[in-house]
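Q: My structure is below; once you've seen it, I'll send some questions.
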Amino acid sequence: MKILLIIIFIFSVTFVFAEDIWEDDFEELTGWILNGEFEIDSPQGLGGVLHGNPDPQSAYAGSNILGVDLTGLGANLGDYESDLGAHEYFSISPAIDCSEFVGVGLNFMKWLNVEQPTYDHAYIELSNDDGTTWIEVWTNTGQVTDNAWGDVYYDISEIADLNSEVRIRFSIGTTDGSWQFSGWNIDNLIITGNPVIYGAIEGNVINADNSEPIAFAPVMSQYGNTMSGENGYFILNNIPTGHREITINALGYLPFLQINIIVTEDDITYVLCELESDLNTPPPPQNPQASVFDGNNVHLTWEEPELPTEELLAYNVYRNGIILESILSEEYFDLNLINGDYSYYVSAVYDSGESLPTDTVNVHIYVVGLENDVIPPSEYSLSNYPNPFNPVTTILFELNTENTENTEIKIFNLKGQKVKDLFPSLCHPEFIEGRGKNNYSVIWNGLDKTGQSVSSGIYFYQLLIDGKVAAKNKMMLLK
Ligand SMILES: [Ca+2]
Ligand SMILES: [Ca+2]
Ligand SMILES: [Ca+2]
Ligand SMILES: [Ca+2]
């Protein structure tokens, strides 16, 4: 009886019918951007004379489909051409609004012919920032020679869930100098998802060795981030119902991942997060001191770590768990604070990673006539998910305006060298209920400005508005 009840409970939580969010049967023009030999037209069974199979003789449904060279274009009638550049033939869907859905999936009828990837390439990619960045969903790992329509489904929830600007790109290229194939044929494309319903996750972050609370631990989910308080407690509101996960990366502890957290409607799910100490963490700076001067300014000092085994690259200075600066000197001035309590710690940064934090030093600022607040809230929140990541992460930020024109994200490596500029100016705000309307996201695919994959390690990123740094944070690539 007990088992039966549990099964019914699980079903009641997870068994939700997916709805169609958007569909295209290609019988009418809906705004696809077509390049190269991509066409929306009737297939005629062309191509595939020497290699692979021809295009279909007819559409899967109706009369039209999306495909590469349906009508006999270029030197190879029905086939894609030779010596194409990367993604040279592409078709990009209109922006699809998935902002009210989770568990988003991509379905379509597929008929594809392409040579093996030593020579020719076919791709399916997605963008959730209006085409600024593309994330690969599928590419050919061998020769593909379809001679019938097949139904395919891709889970695209990580990229598309709750996003208002999802685009799909089908492409061909690069291709080599010989063996042309008949390319993509696509019909009845449907985006499905489950309407979003919210719950919440709360918990305590503690040290697994002694059950002491861990303060200022960043707690991250795909749907928003928070930080544990002084007592280790956190709450994440507005988490879509379903099976969710959180990650916690506290300095000096191994990354913590809790999967399969069942979030239910209008309810709060509790998670006890026991973090294991990371015994390989390099030594921290020593003897942190904080003194208040001229009423509302703080002078921080510390000393170099004991017996560092490798070259020290920088110190990270934190206030109330948020990184303020990555610097080389052994002092820091935190100026013009408002009334409140402040906790500082410093870590050392090496090639191999970041050290344990120093002990926390606390100051209390109170100046008559000065504005009172508990913590000076960061005006622009900036975070990324997942973190650690491999190799794609989504950088999330909030603006108090809908104007993103002069907004920029810069990414630096540990040595302070700029790795990549991201321009979210093409982003549009995500209208996520309960989260404010000016939440933006931009994807970093782990490539530097020359298109090379960056190595594992810590990366710093900054949100710049009108050329000024508005917020900073750090992230870790773990391959
Ligand atoms: Ca059709
Ligand atoms: Ca052709
Ligand atoms: Ca070829
Ligand atoms: Ca074709």
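The values are calculated or read from the model by the stated rules, or taken from the named source; none is laboratory data. What you are looking at is a predicted structure, and each value in this text was computed from that prediction instead of being measured. Here Cβ is always computed from backbone atoms with ideal geometry, including for glycine, and neighbour counts include all displayed protein chains.
Q: Looking at region 111-120, which of the residues that are crowded, with 21+ Cβ neighbours inside 10 Å and not aromatic (Phe, Trp, Tyr) is nearest to ligand 4 (Cβ to nearest atom)?
A: Within region 111-120, the match that is nearest to ligand 4 (Cβ to nearest atom) is Asn113.
Q: Name the residues in region 177-195 that are crowded, with 21+ Cβ neighbours inside 10 Å and either of a type in the set (Gly, Ala, Ser) or within 24 Å of the chain's Cα centre (by Cα) (or both), would you?
A: Ser182, Gly183, Ile191, Gly193, Asn194, listed by residue number.
Q: Are any residues in region 17-31 over 17 Å from Asn107 (Cα atoms) and within 30 Å of the chain's Cα centre (by Cα), and if so, which ones?
A: Matches in region 17-31: Thr30, Gly31.
Q: Right, something else. How many residues are within 12 Å of ligand 1 (Cβ to nearest atom) and either part of a strand (DSSP E or B) or not hydrophobic (A, V, I, L, M, F, W, C) (or both) when one looks only at region 23-71?
A: The total comes to 19.
Q: Let me ask something additional. Has region 24-39 got any residue that is of a type in the set (Val, Ile, Thr), surrounded by fewer than 18 Cβ atoms within 10 Å (Cβ to Cβ) and not assigned by TED's automatic domain parsing to the domain that holds Asn238?
A: The answer is yes; a qualifying residue exists.
Q: Is it the case, given these coordinates, that Gly67 is surrounded by fewer than 16 Cβ atoms within 10 Å (Cβ to Cβ), assigned by TED's automatic domain parsing to the domain that holds Glu27, under 19 Å from Gln180 (Cα atoms) and not acidic (Asp, Glu)?
A: Criteria not met by Gly67.
Okay, residues lined up against (1) within 30 Å of Asn473 (Cα to Cα); (2) in contact (Cβ under 8 Å) with a residue 24 or more places away in the chain; (3) hydroxyl-bearing (Ser, Thr, Tyr):
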site	(1), (2), (3)
Gly150	no, yes, no
Ser164	yes, yes, yes
Phe170	no, yes, no
Ser182	no, yes, yes
Ile186	no, yes, no
Ile190	no, yes, no
Asp209	yes, yes, no
Pro213	yes, no, no
Ser221	yes, yes, yes
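Q: Further, regarding this structure: Return yes or no: is Asn64 within 16 Å of ligand 2 (Cβ to nearest atom), farther than 17 Å from Val144 by Cα and touching a Ser or Thr at 6+ places or on another chain (Cβ under 9 Å)?
A: Spelling it out, it is not the case that Asn64 is within 16 Å of ligand 2 (Cβ to nearest atom), farther than 17 Å from Val144 by Cα and touching a Ser or Thr at 6+ places or on another chain (Cβ under 9 Å).
Q: Also, I was wondering about something else. Considering only residues that are surrounded by 14 or more Cβ atoms within 10 Å (Cβ to Cβ), in contact with a Leu (Cβ under 6 Å, 6 or more places away or on another chain) and farther than 24 Å from Asp341 by Cα, which ones fall in region 260-304?
A: Asp278, Thr281
Q: Could you tell me which of the residues Asp278, Asp294 is out of contact with any strand residue (DSSP E or B) (no Cβ under 9 Å at 6 or more places or on another chain) and acidic (Asp, Glu)?
A: Criteria check complete, one pass: Asp294.
Q: Of everything in region 52-86, what is aliphatic (A, V, I, L, M), within 14 Å of Trp184 (Cβ to Cβ) and away from ligand 3 (no atom under 16 Å from the Cβ)? Give them in sequence order.
A: Ala59, Ile65, Leu66, Leu70, Leu73
Q: If a residue has to be at pLDDT below 95 and either within 30 Å of Leu46 (Cα to Cα) or within 16 Å of ligand 1 (Cβ to nearest atom) (or both) to count, how many in region 179-221 make the cut?
A: 0
Q: Sort out which residues of region 251-260 are at pLDDT 90 or above and part of a loop (DSSP other than H, G, I, E, B), and write them in order of number.
A: Once the filter is applied, which keeps residues that are at pLDDT 90 or above and part of a loop (DSSP other than H, G, I, E, B), region 251-260 yields Leu254, Pro255.
Q: On to the next question. Check Thr30 against each of (1) within 16 Å of ligand 2 (Cβ to nearest atom); (2) under 14 Å from Asp187 (Cβ atoms) and name the one condition it does not meet.
A: In the conditions (1) within 16 Å of ligand 2 (Cβ to nearest atom); (2) under 14 Å from Asp187 (Cβ atoms), Thr30 misses (1) alone.
Q: If you check every pair at least six apart or on different chains, which have Cβ atoms under 7 Å apart with a residue in region 72-85 that is of a type in the set (Lys, Arg) first and a residue that is part of a loop (DSSP other than H, G, I, E, B) and more than 9 Å from ligand 3 (Cβ to nearest atom) second?
A: none
Q: In region 100-130, how many are of a type in the set (Val, Ile, Thr) and away from ligand 3 (no atom under 16 Å from the Cβ)?
A: Counting residues in region 100-130 that are of a type in the set (Val, Ile, Thr) and away from ligand 3 (no atom under 16 Å from the Cβ) gives 3.
Per-residue answers, yes or no, for (1) under 27 Å from Trp22 (Cα atoms); (2) surrounded by fewer than 18 Cβ atoms within 10 Å (Cβ to Cβ); (3) under 25 Å from the mean Cα position of the chain (by Cα); (4) of a type in the set (Ser, Thr, Tyr):
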| position | (1), (2), (3), (4) |
| --- | --- |
| Ile92 | yes, no, yes, no |
| Ser127 | yes, no, yes, yes |
| Gly150 | yes, yes, no, no |
| Tyr154 | yes, yes, yes, yes |
| Arg169 | yes, no, yes, no |
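Q: Let me ask something additional. Select, from Ile92, Ile65, the only residue that is in contact with a Lys or Arg (Cβ under 6 Å, 6 or more places away or on another chain) and among the hydrophobic types (A, V, I, L, M, F, W, C).
A: Ile92
Q: Out of (1) in contact (Cβ under 8 Å) with a residue 24 or more places away in the chain; (2) within 16 Å of ligand 3 (Cβ to nearest atom), the odd one out for Phe90 is which?
A: If we test Phe90 against (1) in contact (Cβ under 8 Å) with a residue 24 or more places away in the chain; (2) within 16 Å of ligand 3 (Cβ to nearest atom), just (2) comes out false.
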